[in-house]
Amino acid sequence: MEEIKKAVRLSMEELIKEADLKSGQLLIIGCSTSEVAGEKIGKGSVYDIGEAIISAALSVLKPLGIYLAVGCCEHLNRAVIMEREAAEKYGYEIVSVIPQPKAGGSAGTAAWKLLDDAVAVEFAACHAGMDIGDTFIGMHLRHVAVPVRLSVKNIGSAHVTFAKTRPKYIGGSRAVYEIN
């Protein structure tokens, strides 16, 4: 578990820097604890792994004021768990469901227990994300997602990918853009 926590903390630190995340922004984690444990996605949920990942992420994000969002599995239609304060800030509609390891996933369940005032929402548009085990977090990123390559490639047995987002470029060839 310590190796998992270490990899998550390093990933969070690198992603925050690469995505230039600010206080009040949202970072989503999609996570298959089954994949981390070396099983097929959805076939071997491990709550202790979910708790290790979420607690490690929160240890980095909370002091910076960055909100954590955690994607649930398909049994909850990919609902997102986050702090009530974040849901209200971004105007997300809160839905009535409590994730469980076999219906929402272990990471979603851990987030529900570890966040100060957890709620579920159906949709989020996050500023950056970490996808552990190829769970497809793209549906919960802002519209222009950009892949990010970081030093961490795997957490446990799970493949890990990262993304940041940027504002849309509109207006065509005569437009002037502020490039981040």
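Here are a few things to note about the model shown:
- Within this structure, residue 107 fails the test of being in contact with a Leu (Cβ under 7 Å, 6 or more places away or on another chain) and small (Gly, Ala, Ser).
Residue by residue, here is whether (1) surrounded by fewer than 21 Cβ atoms within 10 Å (Cβ to Cβ); (2) of a type in the set (S, T, N, Q); (3) modelled with pLDDT of 95 or more holds:
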residue	(1), (2), (3)
3	yes, no, yes
6	yes, no, yes
40	yes, no, no
85	yes, no, yes
91	yes, no, yes
105	no, no, no
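- Residue match in the range 94-109 (condition: assigned to a helix (DSSP H, G or I), more than 15 Å from the chain's Cα centre (by Cα) and in contact (Cβ under 8 Å) with a residue 24 or more places away in the chain): no
- Subset of the range 42-63 [under 13 Å from residue 27 (Cα atoms) and buried (at least 16 other Cβ atoms within 10 Å of the Cβ)]: 54, 57, 58, 60, 61
- Any hit, the range 113-128, residues being at pLDDT below 95 and either crowded, with 20+ Cβ neighbours inside 10 Å or of a type in the set (Phe, Trp, Tyr) (or both): yes
- Residue selected from the range 127-153 under the condition of a type outside the set (A, V, I, L, M) and without any contact (Cβ under 8 Å) to a residue 60 or more places away in the chain, by the criterion nearest to residue 6 (Cα to Cα): 153
Every residue, every condition in (1) out of contact with any Asp or Glu (no Cβ under 8 Å at 6 or more places or on another chain); (2) of a type outside the set (A, V, I, L, M), yes or no:
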{"site": "3", "(1), (2)": "yes, yes"}
{"site": "11", "(1), (2)": "yes, yes"}
{"site": "14", "(1), (2)": "yes, yes"}
{"site": "19", "(1), (2)": "yes, no"}
{"site": "43", "(1), (2)": "yes, yes"}
{"site": "64", "(1), (2)": "yes, no"}
{"site": "67", "(1), (2)": "no, yes"}
{"site": "76", "(1), (2)": "yes, no"}
{"site": "79", "(1), (2)": "no, no"}
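- Filtered by the rule that a residue be within 21 Å of residue 87 (Cα to Cα) and surrounded by 20 or more Cβ atoms within 10 Å (Cβ to Cβ), the range 134-162 gives 137, 140, 141.
- Residue that is farthest from residue 129 (Cα to Cα) [pool: residues in the range 8-66 that are part of a loop (DSSP other than H, G, I, E, B) and under 13 Å from the mean Cα position of the chain (by Cα)]: 32
- Candidate set: the range 143-172, residues that are of a type in the set (Lys, Arg) and assigned to a loop (DSSP other than H, G, I, E, B); chosen: the one farthest from the chain's Cα centre (by Cα): 168
- When the criteria are applied in full, residue 153 fails the requirement of being charged (D, E, K, R) and in contact with a helix residue (DSSP H, G or I) (Cβ under 9 Å, 6 or more places away or on another chain).
The values are calculated or read from the model by the stated rules, or taken from the named source; none is laboratory data. Just so you know, these numbers come straight off a predicted model, no measurement behind them. Reconstructed Cβ throughout: ideal geometry from the backbone, glycine too, with neighbour counts over all protein chains shown.
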